[in-house]
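First the structure, in the form of C-alpha cells, and then the observations on it.
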Amino acid sequence: MADLNTNVRYIKGIGEQRAKSLQKLRIATLRDLISYFPRAYDDRRSYKKIRDLTDGESACVEAMVAGPPTLSRIRAGLELVKLRAVDDTGALDVTFFNQAYRKDSLRAGETYTFFGKAEGALAKKSMSNPVVEQEGARQLTGRIVPVYPLTAGISQLMLARAVEQGLAACQGLLPDPLPDEVRRAHQLCRIGYAYEKIHFPANDEELAIARRRLVFEELFLLALGLQRLRRRRDTLSCQPCRDTELTDFYSSLPFPLTAAQRRAIEEIRADLTAGRPMNRLVQGDVGSGKTMVAAAAIVCAVRSGKQAAMMAPTEILAGQHCRGLSPLLEGLGISCALLTGAMTAKAKRAVLAGLADGSVQVAIGTHALISEGVAYRDLGLVVTDEQHRFGVNQRSALSAKGERPHLLVMSATPIPRTLALMIYGDLDVSVIDELPPGRQKIDTFAVTGAYRQRFYGFLAKEIAAGRQAYVICSMVGEDGEIPDERKAAVEHAKNLQEKVFPSLRVGCVHGRMKPKEKDAVMAAFAAGEIHILVSTTVVEVGVDVPNATVMVIEDADRFGLSQLHQLRGRVGRGQHKSTCILVSDNRSEESRARLKVMTQTGDGFQIAEEDLRLRGPGDFFGQRQHGLPSLKVADLTCDVALLKEAQQAAQALLSQDPELAGCPATTQRLAEMFAANEGALN
C-alpha cells in the first residue's frame, strides 16, 4: 500500500519514464506530487456556437470536422494542418502549427470540442492551435483546468493526469496538521477536500474554499515554527556582557548619531546584557548608518573580554569596512585585523595567530572568517553585513566558531513590515528609519532611449568636472544571440569605450568574473582610475565611491523597485550632487507607474511597500535568501488578513500546549518543513 513517501514511479499510470521527467520538477514522492500546486487556472467552461464567437474571445466550440484535414509543409521547421469544423450555425477554420499528427488523429465526420481564441468576424471565424478533444470527454475542455509550471518532456495533460492518480492513491492517507479545534474555529475545510479542489475545482467557490484552507495551514505552520524557534532561543543562556559605558565612543565620532541609530544601539545593549544569545537584525535604508551601530556593538563585546567578527560578502567591502572601522576602534584601544582569501600566507598566519591568542580583538573579513583552521580565543559577537547575501548556513558556520556568540545581522534592503517577521524568522528587528543629516538627495529621472545622447552629454560633463559614473545592465553578454532591446554589460562597455567615450577609461564588472578580477576592477574604480564602470547588479551591495555621482540603469523596467533603490544608493555618498537615470523603452502602464515611484521618493521602506504591492513577495521571500520553508500557496500581497489570523491561532495553540504534545500530526509536519533549516535558525 502506498504512503506519502512512496516514489511516484510506483503510482498507477506514472511508471519509470514519467517518474524521470517528474524528477526534473523535484517531484519524487507522492507528497511532492499532490503538493505541486497549479500556478494558475484556465477557465474553459464557456461554450459558444460558432456564429456567436467574437474576435479575441476564448471559448469552447462543439463542432464536426467537415472534411479530411490537410497537411502543408511551408518551409523547414513549419508544418500546417488545416481543417474546417462546422455546427448548425456556421463554419470554423482551424489551423495547427507543427502538429502533423493532427492530420490523422482528427477524422472527418466526428465531433470534437475545440477550445481557443476566436479570430475574425461575421461568417469567417477561425482558431489557431486550439486545445481539442473528443466531444464529451471533458478532460481538457468544459471545466476549470489547472495550469502547472512545466519542464521539457512534461505536458499539462500528463501532469494533471499524474496528480489525479496521486490524489486517488492517497485517499485517506493525508494526516491533517491543523488540529480539529483550530480548523473548526476558523471555518476551514478538511485537508482531503482542499487538496482535491486546489487541483481540480468545479467552480470558483470550491477553489476559494480550498485555497483559503491551504494558505491558512501554510502560514499557521510557519508561524508555529518561528514562535517555537524564538522560544527555544529564549531558553539558551550565555555569559552576559557588561553594561558598557559608550560616552568615549560617541565623542570619538566625527558626527552625532541619529535618534534611530541611538535607539538601535540601546536595543543591542539590552540584548548583550540579558544573559541569552542576541539574534538581532539591524535594518536600515542605504546610508542610514548601520555600520556605526555595529561598531557600538563591537565596542560593548570587546570591553566585556570577547572577540568580534564582521563578515562582508566581498573582499572590497570587507576592506572598506576595515579601513573605515580600524581608526575608530584602535583609537578606543581595540585591535583590528582584516582576513580575506587574497592575503598572503604570511599575513594570514599572523592574523590567525592573533585570533587564536586573543591579541586580535576584532576580525573583519569575507568567508575566510569561517574557513577551516580559523580559531578564535573567545568569539562573543558575530556581525554579518548585507545579510541577504549570506545563507543561514554561512551565518551559523561563523557562529559555530564561538560558544553561543551574539549575532547581529545588517541589511540595507528595506523589507515591508508585513514581511519582516516572516522573512527573518527568529531575529529581533531594529529599524533605522532616518538618514543622517547632510545625506545627499539623489535626483532621479525616468527616460526612454530617445534621450540617450542628452544623458551621455550630461555624463561627459560630470566626468569633465572630475566625477565618475556607473552604467548598470540587466544581463551579461556571452556567445550567442542577445535580444536587441537589452543592454548586455560586456557589449555595452565595449560600445561605450570605442564609440561613445573613446577618450575616457571604461571598465566592466559582472558576476561571472573571477573574484580577484572583479575586485581589481572595483578597486580601480574606487581609486579613480576608471571613469565609467559598466556593471551588472554586482555593485548593488556595499561599494563606497563618494566621487561617483551618476547612475545610469539600462532596461530599468526589468529590475524590482527595491533593487533599483539599492543600485541608486551607490551614488550620493559624497559631497557632490548626484543623479540617477532610469532608461526604459517599455511603454506599458504598469512599467511607467513603477518607475514613477522611483522618481517621487527616496524612502526605501515606502519603495519596498510599493514593490510588494506591484510585484508580489518574490523579491523578498525566497528560501535561497533566508533559509525558511518557502511559501507554495500563500501570497503575502493579498493574504495579510489571513496571515494575522494564522499567527494569532499559532500563538493561542502554543499558549495552551507549548510542546504540541496533543498535536502529533502538527509536530510531524513542522519537523518536515523545518528539517533542512532548524539547525541554521537556532
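The values are calculated or read from the model by the stated rules, or taken from the named source; none is laboratory data. Note that the coordinates shown come from a computational prediction; the quantities given were computed from them, not determined experimentally. Reconstructed Cβ throughout: ideal geometry from the backbone, glycine too, with neighbour counts over all protein chains shown. Side chains included, ligands, DNA and RNA excluded: accessible areas come from the protein's heavy atoms. Shrake-Rupley method; radii C 1.70, N 1.55, O 1.52, S 1.80 Å.
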Legend entry - Condition broken by Val94, with the remaining ones in (1) farther than 22 Å from Asp43 by Cα; (2) free of Cβ contacts under 8 Å to residues at least 60 places away in the same chain satisfied: (1)
Inset, instruction - Tell me the strands (runs of 3 or more DSSP E) entirely within segment 382-457 that contain at least 3 residues that are of a type outside the set (A, V, I, L, M), modelled with pLDDT of 80 or more and open to solvent by less than 40 Å² (accessible area, probe 1.4 Å). - result: none
Inset, instruction - Tell me, yes or no, whether segment 344-355 has at least one residue that is at pLDDT below 95 and crowded, with 23+ Cβ neighbours inside 10 Å. - result: yes
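Under the condition of being in a loop (DSSP other than H, G, I, E, B), among the aliphatic types (A, V, I, L, M) and under 28 Å from the mean Cα position of the chain (by Cα), which residue from segment 252-287 is farthest from Ile432 (Cα to Cα)?
Going residue by residue through segment 252-287, those that are in a loop (DSSP other than H, G, I, E, B) are 253-258, 273-278, 285-287.
This time we only want the ones that are among the aliphatic types (A, V, I, L, M), so: 253, 257, 274, 278, 286.
Okay, now just the ones that are also under 28 Å from the mean Cα position of the chain (by Cα), so 278, 286.
On the way: Met278: 18, Val286: 10 Å.
Step by step, filter segment 252-287, then rank; the result is Met278.
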Legend entry - Pair list, Cβ < 8 Å and 6+ apart or interchain, from segment 637-655 residues that are in contact (Cβ under 8 Å) with a residue 60 or more places away in the chain to residues that are part of a helix (DSSP H, G or I) and basic (Lys, Arg): Leu642/Arg212; Leu654/Arg228; Leu654/Arg231
Inset, instruction - For segment 1-43, enumerate the residues that are of a type in the set (Asp, Glu), open to solvent by less than 80 Å² (accessible area, probe 1.4 Å) and free of Cβ contacts under 8 Å to residues at least 12 places away in the same chain. - result: none
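Does Arg84 satisfy the condition of being charged (D, E, K, R), open to solvent by 20 Å² or more (accessible area, probe 1.4 Å), more than 20 Å from Gln139 (Cβ to Cβ) and over 42 Å from the mean Cα position of the chain (by Cα)?
Details: charged (D, E, K, R): yes; open to solvent by 20 Å² or more (accessible area, probe 1.4 Å): yes; more than 20 Å from Gln139 (Cβ to Cβ): yes; over 42 Å from the mean Cα position of the chain (by Cα): yes.
So Arg84 fits the description; yes.
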Inset, instruction - Just one of (1) more than 16 Å from Ala412 (Cβ to Cβ); (2) open to solvent by 20 Å² or more (accessible area, probe 1.4 Å) trips up Ile532, so point out which. - result: (2)
Legend entry - Conditions (1) open to solvent by less than 40 Å² (accessible area, probe 1.4 Å); (2) over 20 Å from Val147 (Cβ atoms); number of the one not met by Lys124: (1)
Inset, instruction - Scan segment 12-27 for residues that are under 20 Å from Gly172 (Cα atoms) and out of contact with any Lys or Arg (no Cβ under 9 Å at 6 or more places or on another chain) and jot them down. - result: Lys12
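Among the residues in segment 630-648, are any of a type in the set (Lys, Arg), modelled with pLDDT of 70 or more and not in a helix (DSSP H, G or I)? Spell out the reasoning first.
So the first thing to find is which residues in segment 630-648 are of a type in the set (Lys, Arg), and the list is 632, 644.
With modelled with pLDDT of 70 or more added as a condition, the list becomes 632, 644.
Those still in the list that are not in a helix (DSSP H, G or I) too: 632.
There is at least one residue in segment 630-648 that is of a type in the set (Lys, Arg), modelled with pLDDT of 70 or more and not in a helix (DSSP H, G or I).
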Inset, instruction - Search segment 184-234 for residues being modelled with pLDDT of 90 or more, small (Gly, Ala, Ser) and crowded, with 17+ Cβ neighbours inside 10 Å, and hand back the single one that is nearest to Leu173 (Cα to Cα). - result: Ala194
Legend entry - Residues of segment 320-339 satisfying the condition of being open to solvent by less than 10 Å² (accessible area, probe 1.4 Å) and under 33 Å from the mean Cα position of the chain (by Cα): Leu325, Leu339
Inset, instruction - Please go through segment 563-591 and pick out each residue that is under 14 Å from Gly604 (Cβ atoms) and surrounded by 21 or more Cβ atoms within 10 Å (Cβ to Cβ). - result: Leu564, His565, Gln566, Leu567, Arg568, Gly569, Arg570, Gly572, Cys580
Legend entry - Residue count, segment 534-582 (criterion: charged (D, E, K, R), at pLDDT below 85 and outside any loop (DSSP other than H, G, I, E, B)): 1
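Any idea which of Arg303, Arg262 is open to solvent by 10 Å² or more (accessible area, probe 1.4 Å) and in contact (Cβ under 8 Å) with a residue 60 or more places away in the chain? Even if it seems obvious, please write down each step before you answer.
Values: Arg262 fails: in contact (Cβ under 8 Å) with a residue 60 or more places away in the chain.
None of the other options fit; the residue is Arg303.
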Legend entry - Restricting segment 121-139 to residues that are in a loop (DSSP other than H, G, I, E, B) and modelled with pLDDT of 85 or more, the residue that is farthest from Val94 (Cα to Cα): Glu135
Legend entry - Members of segment 273-300 that are open to solvent by less than 10 Å² (accessible area, probe 1.4 Å) and touching a Phe, Trp or Tyr at 6+ places or on another chain (Cβ under 8 Å): Leu281, Ala295, Ala296, Val299
Inset, instruction - Give segment 141-166 a look and list any residue that's within 18 Å of Leu25 (Cα to Cα) and among the aliphatic types (A, V, I, L, M), or say none. - result: Val147, Leu150, Ala152, Ile154, Leu157, Met158, Leu159, Ala160, Ala162, Val163
Legend entry - Phe605 being at pLDDT below 80, surrounded by fewer than 21 Cβ atoms within 10 Å (Cβ to Cβ), outside any helix (DSSP H, G or I) and among the hydrophobic types (A, V, I, L, M, F, W, C): no
Legend entry - Scope segment 62-114; condition of a type in the set (A, V, I, L, M, F, W, C), assigned to a loop (DSSP other than H, G, I, E, B) and within 24 Å of Lys49 (Cβ to Cβ); matching residues: Ala66, Leu106, Ala108
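Residue under question is Gly56, and the condition is that it be within 27 Å of Gly142 (Cβ to Cβ) and loosely packed, with under 13 Cβ neighbours inside 10 Å; does it hold? Reasoning before the result, please.
Working: within 27 Å of Gly142 (Cβ to Cβ): yes; loosely packed, with under 13 Cβ neighbours inside 10 Å: yes.
Yes.
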Inset, instruction - Read through the list (1) in contact with a strand residue (DSSP E or B) (Cβ under 8 Å, 6 or more places away or on another chain); (2) surrounded by 19 or more Cβ atoms within 10 Å (Cβ to Cβ), then give the number of the only condition that Cys238 fails. - result: (2)
Legend entry - Criterion: in contact (Cβ under 8 Å) with a residue 24 or more places away in the chain, under 37 Å from the mean Cα position of the chain (by Cα) and not in a helix (DSSP H, G or I) - qualifying residue of Ala368, Ala363: Ala363
Legend entry - Residues that are open to solvent by 60 Å² or more (accessible area, probe 1.4 Å) and within 20 Å of Gly142 (Cβ to Cβ), drawn from segment 162-183: Glu164
